[in-house]
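Have a look at the structure below before the remarks.
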Amino acid sequence: MLKHHLFWPLSVLGALLLFNLLYAPEFFSIIMRDGHLYGSLIDILNFGSPLIIVAIGMTLVIATKGIDLSVGSVVAIAGAIACLTISQGDGQNAISLVLIAIGIALVLSIILGVWNGFLVAGIGMQPIIATLILMVAGRGVAQLITDGQIITVSNEPYKYIGSGSLATLPFSIFIVAALFLVASILTRKTSLGLFIESVGCKPEASRLAGIRSKTVMFAVYMFCGLCAGIAGLILSSNVSSADGNNAGLWYELDAILAVVIGGTSLNGGRFYLMGTLIGALIIQTLTTTIYMIGVPPEITLVVKAIVVLIVCLVQSESFRKTLISRWKTRHYPAESEVKQHA
Amino acid sequence: MLKRQYIPILVTIGLFALMFTIGSFRYTGFFSLQVILNLLIDNAFLLIAAVGMTFVIVSGGIDLSVGSMIALTTMVSASLVQAGWPPQLVIPLVLTIGSLFGWGMGAVIHYFKIQPFIVTLAGMFLARGLCYVISINTITIDNAFYTSVAQTKVNLPGQNFISISVIIAMLVVFLGIYMAHYTRFGRNTYALGGSEQSSLLMGLPVGRTKMTVYMFSGFCSALAGVVFTFYMLSGYGLHAMGMELDAIAAVVIGGTLLTGGVGYIVGTFFGVLIQGVIQTIISFEGTLSSWWTKIVIGILLFMFILLQRLFSGRSWVHRR
């Protein structure tokens, strides 16, 4: 059981929830009000949904031994272009306008993904650098779109994406569920996941084995861009405004963290979507817990840093070995001898 | 004969000259020594941080904690000075904190074999968080020593001047060049970035070099923080937001390969100057907004990476 890839993420999440159970039992209470469910657990799912979506895209990118630093900027650009389209169109509450805005934003974020894919797969640039370009320039583009201002929109259908509710649950949860299902089915029920993992192990070898490794990489970066775009829509619709400067700030880092906590190695070749989901939930639960137990919000970052370090250390093979060798103070030369020969 | 390995760095210098020439023809008052000196005055802290970052990147790692370390330094300095500590004590203290912080990250990276990206990311969160633990507000500094350092102008011939920060920055650059090319530590760093496995087999002190590299980067960030304190005369948790990216961009524009093993401090120096020139041109233009800086730097990054790919013989697809 210790060997199972979900063991450590699940125990961290379990420990967090247990802590909450002991510290503040009302954490688990869910109440019904006006036909909507309210409660900390629902909040975690609701506010965590953009992060989960970005992290799903990031998982696939990291599985191909890549990394996408530009997701935060894409989040900002998607929100900015959607809000700009709505604020400039007439008939503020028209649903067609919202659909057009969503369409433009998603197409644009796919194009940005194509750009990343082109740099990585087409030109053969190192992923961390290729996406660094869009990370730096993208924030500028987002500010260019919003003209450096915060665009506020008052559009009911648009607001529904981020803060509406369906069947008593926040609508964003359904978006996450749909995306997660699609991603899992595509990668686990078709051979696509195998292709991605094979490209992550060795692109050249998988190309020789008949996999179009460049196409796979292209697709993965496009998918990651699309995910970031969806997250950008949810985030901006949640607050009904687009801020080119601060929207999605540090999202790339949180998403990478979620992926790493979930057990996916940054070295590529293996990925766990479920682990990523749990990783993102850990991050969100941690944030909520920190707020709830009355730690001043300014210490959130310190606690987050410490938890990240602990999670990474626990997952580190050499750290565990060091600990175990400390515990085993007595040495049995014969034992190691046997192991050596075995 | 021109060595192939010098081409990226010459292109960097050429681009700087080209941009400066374009600026000089386009705007009156652009062509003067003082404009160049102002580039140094305004970017002294970035220069110092980028020198440390160059060593980390040459060794094959990355340090994301630079910006938040600068903020933490301004915060610690400001609060201690406000509490009545003498600056002669505060400055060595923050430099020690920075070095120890970097050394700690290096140790975790080396001993527990966790990617530098993640460890320094945690370091970034930690340092930024500690800033807010100290205070969430701006702490101003009205200490006589700090204000006098901030206002001192070192006169140069021809009515030009530089600030003390520039002198510190230039000393760091020269120290960096010396360390990189004339010491055993520098050679070990290049070897480590070339191939960690080979350096280990060659018997180089891989662990010590790695930790020293991160320690030096931490020291540089703390020193950059001190210079930043002179520049801003305040401590604030949001200072130097995203500066690690500026530093990485400067290093890349300067011709250093992110895969490690190849790079020059001089290139980083011009990388910082190029970023400064872009900002100066945008401010001379007047009508262009500041976000164009980010877009132009992004385009430049793109061009330089393409260029490196053309000139560097090695294939660096998926090497990290």
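From B:THR229, B:THR189, B:THR256, B:THR212, grab the single residue that is within 14 Å of chain A (Cβ to nearest Cβ) and polar (S, T, N, Q). Can you show your working first?
Working: B:THR229 fails: within 14 Å of chain A (Cβ to nearest Cβ); B:THR189 fails: within 14 Å of chain A (Cβ to nearest Cβ); B:THR212 fails: within 14 Å of chain A (Cβ to nearest Cβ).
Residue meeting the stated conditions: B:THR256.
Spot the failing condition for B:TYR178; the list is (1) more than 14 Å from chain A (Cβ to nearest Cβ); (2) touching a helix residue (DSSP H, G or I) at 6+ places or on another chain (Cβ under 6 Å); (3) more than 12 Å from B:SER59 (Cβ to Cβ); (4) not basic (Lys, Arg), and only one is missed.
Condition not satisfied by B:TYR178: (2).
Only one residue in B:LEU200, B:LEU233, B:LEU204 is under 21 Å from B:ILE48 (Cβ atoms) and either open to solvent by 10 Å² or more (accessible area, probe 1.4 Å) or among the charged types (D, E, K, R) (or both), so which one is that?
After applying the criteria, what remains is B:LEU233.
I'd like the full set of residues that are open to solvent by 10 Å² or more (accessible area, probe 1.4 Å) and either within 10 Å of B:GLY102 (Cα to Cα) or of a type in the set (Val, Ile, Thr) (or both), limited to region B:210-227.
Scanning region B:210-227 gives B:MET211, B:THR212, B:MET215, B:PHE216, B:PHE219.
Take B:ILE136 and decide whether it is part of a loop (DSSP other than H, G, I, E, B) and touching a Gly at 6+ places or on another chain (Cβ under 8 Å).
Yes.
Please tell me if A:GLY232 is within 14 Å of another protein chain (Cβ to nearest Cβ), touching a residue at least 40 places away in the same chain (Cβ under 8 Å) and either closer than 25 Å to A:ILE110 by Cβ or open to solvent by 10 Å² or more (accessible area, probe 1.4 Å) (or both). Show your work before the answer.
Details: within 14 Å of another protein chain (Cβ to nearest Cβ): no; touching a residue at least 40 places away in the same chain (Cβ under 8 Å): yes; either closer than 25 Å to A:ILE110 by Cβ or open to solvent by 10 Å² or more (accessible area, probe 1.4 Å) (or both): yes.
So A:GLY232 fails the test.
Could you check region A:106-126 and list, in sequence order, the residues that are modelled with pLDDT under 85 and buried (at least 19 other Cβ atoms within 10 Å of the Cβ)?
A:MET125, A:GLN126
In this structure, is B:LEU121 on the phi < 0 side of the Ramachandran plot and at pLDDT below 85?
When the stated conditions are applied, B:LEU121 passes them.
Determine whether region B:140-152 contains at least one residue that is without any contact (Cβ under 8 Å) to a residue 24 or more places away in the chain, touching a strand residue (DSSP E or B) at 6+ places or on another chain (Cβ under 9 Å) and more than 7 Å from chain A (Cβ to nearest Cβ).
yes
So, of the residues in region B:259-300 that are touching a residue at least 12 places away in the same chain (Cβ under 8 Å) and outside any helix (DSSP H, G or I), which turns out to be nearest to the other protein chains (Cβ to nearest Cβ)?
B:THR259
What pairs come up if the first residue lies in region B:238-255 and is within 18 Å of B:LEU126 (Cβ to Cβ), the second is among the polar types (S, T, N, Q) and buried (at least 24 other Cβ atoms within 10 Å of the Cβ), and their beta carbons are under 6 Å apart, counting only those six or more places apart or on different chains?
B:HIS239/B:THR74
Within the bounds of region A:2-11, is there any residue that is open to solvent by 60 Å² or more (accessible area, probe 1.4 Å), modelled with pLDDT of 75 or more and in a helix (DSSP H, G or I)?
Yes, the conditions are met somewhere in region A:2-11.
Looking at region A:106-115, which of the residues that are more than 17 Å from the chain's Cα centre (by Cα) and either among the β-branched types (Val, Ile, Thr) or closer than 21 Å to B:GLY242 by Cα (or both) is farthest from the other protein chains (Cβ to nearest Cβ)?
Of everything passing the filter in region A:106-115, A:VAL107 is farthest from the other protein chains (Cβ to nearest Cβ).
Report, by residue number, each residue of region B:232-253 that is outside any helix (DSSP H, G or I) and away from chain A (no Cβ under 13 Å).
Within region B:232-253, B:LEU233, B:SER234, B:GLY235, B:HIS239, B:ALA240 meet the criteria.
When you look at B:THR256, is it in a loop (DSSP other than H, G, I, E, B), of a type in the set (S, T, N, Q) and either out of contact with any Ser or Thr (no Cβ under 6 Å at 6 or more places or on another chain) or open to solvent by less than 10 Å² (accessible area, probe 1.4 Å) (or both), yes or no?
Considered against the rule, which asks whether it is in a loop (DSSP other than H, G, I, E, B), of a type in the set (S, T, N, Q) and either out of contact with any Ser or Thr (no Cβ under 6 Å at 6 or more places or on another chain) or open to solvent by less than 10 Å² (accessible area, probe 1.4 Å) (or both), B:THR256 comes out as yes.
Among the candidates A:THR168, A:THR190, A:THR152, single out the residue that is free of Cβ contacts under 8 Å to residues at least 12 places away in the same chain, of a type in the set (Ser, Thr, Tyr) and away from chain B (no Cβ under 14 Å).
Going through A:THR168, A:THR190, A:THR152 in turn, just one is free of Cβ contacts under 8 Å to residues at least 12 places away in the same chain, of a type in the set (Ser, Thr, Tyr) and away from chain B (no Cβ under 14 Å): A:THR190.
Please go through region A:13-45 and pick out each residue that is in a helix (DSSP H, G or I), open to solvent by less than 40 Å² (accessible area, probe 1.4 Å) and either under 30 Å from A:ASN267 (Cα atoms) or out of contact with any Gly (no Cβ under 9 Å at 6 or more places or on another chain) (or both).
So in region A:13-45, the residues in a helix (DSSP H, G or I) come out as A:13-23, A:25-28, A:40-45.
Right, trim to open to solvent by less than 40 Å² (accessible area, probe 1.4 Å) and you get A:13-14, A:16, A:20, A:27, A:40, A:42, A:44.
Within region A:13-45, A:LEU13, A:GLY14, A:LEU16, A:ASN20, A:SER40, A:ILE42, A:ILE44 qualify.
Could you list, ordered by first residue, the pairs with Cβ atoms under 9 Å in which the first is in region A:120-133 and more than 8 Å from chain B (Cβ to nearest Cβ) and the second is surrounded by fewer than 24 Cβ atoms within 10 Å (Cβ to Cβ) and of a type in the set (Gly, Ala, Ser), at least 6 apart or interchain?
Short answer, once both residue conditions are applied: A:ALA121/A:SER213.
Given the options A:ALA209, A:ALA231, name the one that is among the aliphatic types (A, V, I, L, M) and either in contact with a Gly (Cβ under 6 Å, 6 or more places away or on another chain) or more than 30 Å from A:ASN46 (Cα to Cα) (or both).
A:ALA209
Could you list, in sequence order, all residues of region A:136-147 that are more than 7 Å from chain B (Cβ to nearest Cβ) and open to solvent by 10 Å² or more (accessible area, probe 1.4 Å)? Reasoning before the result, please.
Of the residues in region A:136-147, the ones more than 7 Å from chain B (Cβ to nearest Cβ) are A:138, A:142, A:145-147.
Hits for region A:136-147 are A:ILE145, A:ASP147.
From the set of residues in region B:103-132 that are within 13 Å of B:GLY67 (Cα to Cα) and more than 7 Å from every other protein chain (Cβ to nearest Cβ), which is surrounded by the fewest Cβ atoms within 10 Å (Cβ to Cβ)?
B:MET124
For region A:159-184, which residues satisfy the criterion of being surrounded by 15 or more Cβ atoms within 10 Å (Cβ to Cβ), in a helix (DSSP H, G or I) and among the small types (Gly, Ala, Ser)?
Passing the criteria: A:GLY162, A:SER163, A:SER172, A:ALA183, A:SER184.
Can you name the condition, by its number, that A:GLY89 falls short on among (1) open to solvent by 10 Å² or more (accessible area, probe 1.4 Å); (2) within 14 Å of another protein chain (Cβ to nearest Cβ); (3) on the phi < 0 side of the Ramachandran plot?
(2) is the only condition that A:GLY89 fails.
Hey, can you tell me all the residues within region A:284-306 that are at the interface with chain B (Cβ under 9 Å from one of its Cβ atoms) and surrounded by 14 or more Cβ atoms within 10 Å (Cβ to Cβ)?
The answer is A:GLU298, A:ILE299, A:THR300, A:LEU301, A:VAL302, A:VAL303, A:LYS304, A:ALA305, A:ILE306.
Looking at B:GLY29 and the list (1) surrounded by fewer than 24 Cβ atoms within 10 Å (Cβ to Cβ); (2) of a type in the set (Gly, Ala, Ser); (3) on the phi < 0 side of the Ramachandran plot, which single condition is not satisfied?
Tallying (1) surrounded by fewer than 24 Cβ atoms within 10 Å (Cβ to Cβ); (2) of a type in the set (Gly, Ala, Ser); (3) on the phi < 0 side of the Ramachandran plot, B:GLY29 fails exactly one: (3).
The values are calculated or read from the model by the stated rules, or taken from the named source; none is laboratory data. Quantities reported herein were computed from a predicted structural model and do not represent experimental measurements. Counting neighbours? That spans all protein chains shown, and the Cβs are built from the backbone with ideal geometry, glycine included. Heads up: the accessible areas ignore ligands, DNA and RNA and are worked out on the full protein's heavy atoms, side chains in. Shrake-Rupley method; radii C 1.70, N 1.55, O 1.52, S 1.80 Å.
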